[in-house]
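Here's the structure we're looking at; comments come further down.
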Amino acid sequence: MTLTAGERARYQRHLALPEIGAAGQEKLKAARVLVVGAGGLGSPAALYLAAAGCGTLGLLDCDRVELSNLQRQVLFDSAKIGRPKAEAGGERLASLNPEIRVVAHALELKAANVCAVLADYDLVLDGSDRLSTRYLVNDACVIMQRPLVSAAIHRFEGQVMTYVPGRGPCYRCLFPEAADGVVANCAEAGVLGVLPGVLGTLQATEAIKLITGVGTPLLGRFLTYDALELSFREFRVQRRRDCAVCGETPMITEPRDQKASPPTAEPGVRRLTPQALATLLGPGAAAPPPLIDVRERWEFDTGHLPGAVNIPTSELPRRLGEIPRSGGPVFICRSGGRSLRACTMALEAGVASAANLEGGMLAWAAQIDPQMPVA
Ligand SMILES: [Zn+2]
């Protein structure tokens, strides 16, 4: 796709970069990128991709602009309150760069439509704040062999990773089940307005690199950002041979809707493997969950996870008030049975998103920390 005179003038600063030049700019013009979620992450990502001359830019969101969005969703201004985000955002992108084609998708991604939507795009950016969408988009990208740049934010921290088919781990390799605790609802947890600006811009950077072929993508690396410390950390991550979607014998061969857990419905207990909990507690993890150890005092004293609070099951009914109502508390016992019952009690008492450490401390000692004494 050759550039017009107008485009040559518009993208002059790109053309001046030997790494991009006319060839790279033509690749950008030919690229078709879908931005899932026109929120805090999607706003800067879409704005920069439009400005950069990404030839076809899809913007997908089923929500409408609310006043409380404007603190961070820079795609919108006050006049857009009440408008569908995909539509209002699309207009903004088209006015920023009339040379590109903007496609507004005012819909909710589901197993039934995700493949049809993705079929028209070569690359996907996910900035959705819904965990179910995050897994759906990941699975669809793996199945349809589309590169994916996925990001998430929480309070003052964010994370980003890039998936390229056949070249590295997918999101599900890192977080096998919906057991993250990282993708929390901004409305509940709060978020620093400028935070998604950093992460969304990183997503756009990755997209431009993948399209033009310059630089080294964030492959097999999980990047976290802490705005309070102003620090980035990077974790090497491996593709899991037993990954349910990109592994050697995948269980997920077509996109499927995840079990939604709206706060009004009776939510199920989240199941955490020792590995998933270790990731949540690892250095740089965005927000470690509260740990509630429900074993008897003497068992707890023998050995327990740092920071765990001991509430034996016998005392739980009268001490339910001590359990944090949010943050996805993780219940722990010796082998996972007592803690599962404790989870159920906590859920009934209104604790959101209670999780059970599957296999308990025995599994933790076997898989994560052989030095952990378990009575
Ligand atoms: Zn995978």
Next item on the list: Find how many whole Å separate the alpha carbon centroid of region 27-100 from the alpha carbon centroid of region 283-354.
Entry: 41 Å
Margin query: Can you tell me which of Pro98, Pro255, Pro289 moves the most in a GNM of the chain? Springs connect C-alpha atoms under 10 Å apart.
Written below: Pro98
Note to self: I want to verify a result. In a Gaussian network model of the chain, Cα cutoff 10 Å, which of these has the top mean-square fluctuation: Asn356, Asn97, Asn113?
What the structure shows: Asn113
Check: Taking only Cα atoms, what is the 0 to 90° angle, nearest 10, from helix 131-144's long axis to the longest principal axis of the chain?
Finding: 60 degrees
Notebook entry, point to check: Using Cα atoms only, what is the angle between the long axis of helix 21-30 and the major principal axis of the chain, expressed in degrees (0 to 90) to the nearest 10?
Noted result: 70 degrees
Note to self: Between Phe76, Phe300, Phe331, where does the largest GNM mean-square fluctuation fall for the chain, given springs only between Cα atoms within less than 10 Å?
What the structure shows: Phe300
Notebook entry, point to check: Total Lys pairs in the chain closer than 27 Å by alpha-carbon, pairs eight or more apart in sequence or interchain only?
Noted result: 8
Next item on the list: Please determine, in degrees from 0 to 90 and to the nearest 10, the orientation of helix 195-212 with respect to the longest principal axis defined by the Cα atoms of the chain, where the helix direction is its Cα long axis.
Entry: 60 degrees
Check: For region 1-85, what is the charge dipole size about the Cα centre, in debye to the nearest 20, if Lys and Arg each add +1 at the Cβ and Asp and Glu each add -1 at the Cβ?
Finding: 120 debye
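Using R₀ = 51 Å, calculate the FRET efficiency as 1/(1 + (r/R₀)^6) where r is the Cβ-Cβ separation of Ala119 and Asp301; round to 0.05.
On the way: r = 58 Å, r/R0 = 1.13.
That gives a FRET efficiency of 0.30.
Coordinate-derived values only; no laboratory data. All values reported here derive from a predicted model rather than from experimental measurement. Backbone-built Cβ (ideal geometry, glycine too); neighbour counts: all protein chains shown.
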